[in-house]
Structures are given as structure tokens and as C-alpha cells.
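This report refers to the structure that appears directly beneath it.
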Ligand SMILES: Cc1ncc(C[n+]2csc(CCOP(=O)(O)OP(=O)(O)O)c2C)c(N)n1
């Protein structure tokens with residue numbers, strides 16, 4: 001990745017950004033048919049508030065499933081761009097997914113990690129990233145070579161553009177502040193699943 005080659009960015013020098021602002025930037029760039037899988041809680045809430053689309057799936061209840069669900073969608077529909085939005089706590093709970101994604105190499109898959117160094121929605125307990133765990137280093141070690149920290153909003157935009165137009169898999173990590181999600185999703189799993197299946201054309 002060009003930007004990270006010229007200017008090494010890590011969690012220590014990346015700007016602290018805002019999840020809703022970044023989510024809006026991402027949504028503005030999405031190809032119309034791109035699928036987006038929001039993780040439990042705040043990533044979902046900000047995705048919901050950034051614009052409801054039938055191609056969005058909002059995971060409820062279980063941590064760590066945005067990336068594996070996105071992987072499944074990416075493999076099932078290789079012509080479609082697929083993005084997972086996940087919190088750091090949730091990704092830490094499901095690190096094995098990174099190795100599976102590296103192994104299967106779906107070209108159409110992008111993971112975006114919103115790292116606030118906390119399990120924010122359950123009270124702000126610190127995650128391992130608060131004391132030095134670097135999720136981009138882990139992702140690269142797992143084999144996802146195109147993994148990078150966004151230094152700032154401009155770099156987030158550049159990385160998202162690359163990820164949505166060039167072969168993946170990609171992982172983009174962003175340090176974010178402790179602002180809560182900006183809304184709440186519908187909480188009916190049947191409705192969410194039904195709408196998503198229609199959005200992906202798998203149900204008429
Ligand atoms: C398997 C599992 N363990 C614990 C919980 C309780 N829980 C729900 S959300 C959450 C924190 C999520 O943290 P993170 O993914 O970092 O997102 P943030 O809240 O910081 O936006 C926890 C511990 C859960 N829902 N599922």
C-alpha cells in the first residue's frame with residue numbers, strides 16, 4: 001500500500017477520528033450494490049444512521065461475526081464488493097477469521113476496524129489495544145498483506161477508495177474516539193435478514 005510505505009502509521013501516531021464521520025465517508029463511496037455488514041452495537045448504529053440500504057446487514061447480539069459473515073457473502077457473490085465494519089473488541093474475539101480470510105483471499109472483501117481501545121457499549125472496559133496490541137500488525141501476520149492504519153480522514157478516504165476498486169482482501173484500521181453510536185438499528189433479526197437477502201437478490 002503506497003501511503004503506508006512512504007509514511008509508516010501505527011496506532012501510536014494515527015489521528016483519533018470519529019466512527020460516524022468515517023462511516024459516512026465510507027457509505028458515500030460505496031458502489032450501489034456493495035454489501036456492508038455492521039458489527040454488534042456502535043458500528044451497526046452508525047451504519048444505520050449513515051443511510052439505510054437493503055444491502056446492509058446489521059449483526060445483533062454476538063460479537064466478532066461481522067467479518068465472518070462478510071467473508072461468506074464475499075465468497076458467495078464474488079462480483080459484489082463486501083465490507084465488514086467491526087469494533088476492536090469484537091475483532092479480538094474472532095482473530096482466527098483473519099487467518100481464514102488470508103487463506104481464502106476474497107478479492108472483493110474489505111474489513112474496517114473501528115478501534116476505540118474499549119468495549120465501549122458495555123461500559124468502556126479497556127481492550128488489549130489499549131495496552132499495545134496492534135490489529136494491523138496482527139492482520140499482516142495472519143497474511144492479509146494489504147492492511148493499514150488510516151493516519152487521518154484523508155488517508156481513510158484513499159484507503160477506502162483503493163479497497164473498493166482494487167483486488168483485496170483489505171483491512172483498514174482507524175483509531176476512533178469514545179463517542180457513542182448515533183442511533184439504534186431495528187432489532188428484529190427476521191426483518192434484518194429478510195431485507196438483506198432481498199437486497200442481495202437471494203430472495204424474491
Ligand atoms: C460473545 C459476546 N460476548 C460479550 C458480549 C457483550 N458485549 C456486547 S457488545 C460488547 C463490546 C463490543 O466492543 P467493540 O466491538 O470494541 O465495540 P464498541 O462497543 O467499542 O463500539 C460486549 C462485551 C456479547 N454480546 N457477545
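The values are calculated or read from the model by the stated rules, or taken from the named source; none is laboratory data. This is a predicted model, so every value here is computed, not measured. Cβ placement follows ideal geometry from the backbone for every residue including glycine, while neighbour counts extend to all protein chains displayed.
Of the residues making up region 41-63, those that are within 11 Å of the ligand (Cβ to nearest atom) and more than 11 Å from the chain's Cα centre (by Cα) number 9. All conditions in (1) more than 9 Å from the ligand (Cβ to nearest atom); (2) assigned to a helix (DSSP H, G or I); (3) surrounded by 15 or more Cβ atoms within 10 Å (Cβ to Cβ) hold for residue 110, with the sole exception of (2).
Right, residue 10: away from the ligand (no atom under 16 Å from the Cβ) and either in a strand (DSSP E or B) or touching a strand residue (DSSP E or B) at 6+ places or on another chain (Cβ under 8 Å) (or both) or not? So residue 10 fits the description; yes. If you check 204, 166 for being farther than 17 Å from residue 67 by Cβ, in contact with a helix residue (DSSP H, G or I) (Cβ under 9 Å, 6 or more places away or on another chain) and exposed (fewer than 14 other Cβ atoms within 10 Å of the Cβ), only one passes: 204. Number of residues in region 29-61 that are within 22 Å of residue 104 (Cβ to Cβ) and modelled with pLDDT under 95: the value is 0. Among the residues of region 128-168, those identified as without any contact (Cβ under 8 Å) to a residue 24 or more places away in the chain and closer than 19 Å to residue 36 by Cα are 165, 166. Summed over region 118-138, the residues that are over 16 Å from residue 16 (Cβ atoms), within 9 Å of the ligand (Cβ to nearest atom) and either touching a strand residue (DSSP E or B) at 6+ places or on another chain (Cβ under 9 Å) or assigned to a loop (DSSP other than H, G, I, E, B) (or both) give a count of 4.
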